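Only one structure is covered here, and it is reproduced in the block below.
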Amino acid sequence: LSREHLLDESLVVVTRRKHPLAAGTLRRSDYLNARHVAVSQLGEAAPLDVLLAQDGRSREIRLVCQHYFSACQVAAATDLLLTMPRSCAAGFSQLLPIATQPLPIKLKPIPILAYWHQSKNNDRAHEWFRRLLIETIGAAPAFRGPLTAH
């Protein structure tokens, strides 16, 4: 397989705009003591929860959704916090009354890579598509700069 690095993705915390934790800087203790909505297609623990458990910590997950959009709708209408990729939250913030804040837990950014079979390395159509994908991602506002709270 061949690959190309597209971007580094960070996690943010999504709340409804008028949530008590939406104003000011979100502290780790407030984050860990809050109630959360999580996303899992198969019901398994989120990687963040696995990392927290290794450190002897946990979050109170009140609801699990299969998709970020439905979880974001829940966060927009309740006091549950949602942890999700920054670029995804940027798009949803245009559609829903949400606020975002940096995750108050230090994590390395998640590398997002494109993969393809080596037999396509010199395929002109495939090469064109890869360049188009990379240019589109590079130009998309959701993948550039910090996400501001709304």
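Tabulated data
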quantity	calculated
Antiparallel bridges, percent of DSSP beta bridges restricted to segment 1-90 (to nearest 5)	35
Nearest-10 value in Å² for the accessible area of ILE61, using the 1.4 Å probe	60
Shape of the chain, Cα gyration tensor, a/c cut at 1.5	prolate
Cα centroid separation, segment 31-93 to segment 98-115 (Å)	13
Probe 1.4 Å, protein heavy atoms only - accessible area per residue of the chain in square angstrom	62
Extension gain (nm, one decimal) between ILE110 and LEU42, 0.36 nm per residue minus Cα-Cα	22.4 nm
CD proxy at 222 nm, helix term only [per DSSP H run n ≥ 4: -39500 (n - 2.57); per residue of the chain; nearest 500]	-9000 deg cm²/dmol
Estimated distance in nm for a label pair at GLN66 and LEU132, the labels positioned 7 Å out from Cα along Cα-to-Cβ	3.0
Anchor LYS18: aspartates and glutamates whose Cα lies under 13 Å away (excluding residues fewer than 8 positions away in-chain)	ASP79
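The values are calculated or read from the model by the stated rules, or taken from the named source; none is laboratory data. What you are looking at is a predicted structure, and each value in this text was computed from that prediction instead of being measured. Using ideal geometry, Cβ is built from the backbone for each residue, glycine included, and neighbour counts are taken over all protein chains shown. Protein only, heavy atoms only, side chains kept; ligands, DNA and RNA dropped before computing areas. Shrake-Rupley method; radii C 1.70, N 1.55, O 1.52, S 1.80 Å.
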